[in-house]
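A.B. asks: Quick one: the structure is below, questions incoming.
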Amino acid sequence: MALLPGNKFLKARQTKGIKDATGREASPLPTDKSRIELGTEIQTRLAGSPVYGEIYTFAPAIDQFLKSHLFADIFGRDNLDYQSREIATIAALASMKGVNSQLQAHFRIGMNTGLSEAQMNSLISVLKSKVGKPEADNAAEVLNQVLSNKSQ
């Protein structure tokens, strides 16, 4: 679970006398629409169009989970902007093996949020120094595929 290493990291900083500011709490989600409606709106905005695919036919419940939890409950929170969320998502995916299709999708979503090619290349540079050259090279290759498909 990612929370445990994060907590350990913060405690180590506290031991060194480093005081980290606590971020503000998120505002409540809108009450004038369901979580499915809110999640669908956010997912469509990020993807650039409504999202369909084989995964939803294979496992229809995943569509409900993604829209209501990921996009409404998490992306619907206003204490972190979409670009920052995508940078974190791209970095996490780029650090894993076997997730290039998701990495490709999140590079596209990153561009939909306004991230520039230069910003994504800067992220890849950070990955190279902090995660590793193979992961950074893979991310660069995936980004190049996304950019070449975009220009076609």
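A.B. asks: If I ask for residues that are out of contact with any Leu (no Cβ under 9 Å at 6 or more places or on another chain) and outside any helix (DSSP H, G or I), which ones from the stretch 58-77 would you list?
C.D. replies: Residue satisfying the conditions is Ala59 alone.
A.B. asks: What is the one condition in (1) outside any helix (DSSP H, G or I); (2) in contact with a helix residue (DSSP H, G or I) (Cβ under 6 Å, 6 or more places away or on another chain); (3) over 28 Å from Thr31 (Cβ atoms); (4) not aromatic (Phe, Trp, Tyr) that Ala139 does not satisfy?
C.D. replies: Against the list (1) outside any helix (DSSP H, G or I); (2) in contact with a helix residue (DSSP H, G or I) (Cβ under 6 Å, 6 or more places away or on another chain); (3) over 28 Å from Thr31 (Cβ atoms); (4) not aromatic (Phe, Trp, Tyr), Ala139 comes up short only on (1).
A.B. asks: Quick check: is even one residue across the stretch 7-29 closer than 20 Å to Gly114 by Cβ, of a type in the set (A, V, I, L, M) and without any contact (Cβ under 8 Å) to a residue 40 or more places away in the chain?
C.D. replies: No, there is no match, as no residue in the stretch 7-29 is closer than 20 Å to Gly114 by Cβ, of a type in the set (A, V, I, L, M) and without any contact (Cβ under 8 Å) to a residue 40 or more places away in the chain.
A.B. asks: Can you give me the number of residues within the stretch 95-145 that are closer than 17 Å to Ser49 by Cα, among the hydrophobic types (A, V, I, L, M, F, W, C) and free of Cβ contacts under 8 Å to residues at least 60 places away in the same chain?
C.D. replies: 3
A.B. asks: May I pose another question? Looking at the stretch 113-121, can you tell me whether even one residue there is within 19 Å of Gln43 (Cβ to Cβ), of a type in the set (A, V, I, L, M, F, W, C), outside any helix (DSSP H, G or I) and at pLDDT below 95?
C.D. replies: No, the conditions are met nowhere in the stretch 113-121.
A.B. asks: Let me ask something else about it. So if I check each of Ile90, Ile55, Ile124, which one is surrounded by fewer than 19 Cβ atoms within 10 Å (Cβ to Cβ) and among the hydrophobic types (A, V, I, L, M, F, W, C)?
C.D. replies: Ile55
A.B. asks: May I pose another question? Among (1) over 30 Å from Arg24 (Cβ atoms); (2) touching a residue at least 40 places away in the same chain (Cβ under 8 Å); (3) not basic (Lys, Arg), which single condition is Ala72 missing?
C.D. replies: With respect to (1) over 30 Å from Arg24 (Cβ atoms); (2) touching a residue at least 40 places away in the same chain (Cβ under 8 Å); (3) not basic (Lys, Arg), Ala72 is out only on (1).
The values are calculated or read from the model by the stated rules, or taken from the named source; none is laboratory data. The structure displayed is predicted, hence computed values, not measured ones. Note that each Cβ is placed from the backbone with ideal geometry, even for glycine, and that neighbours are counted across all protein chains shown.
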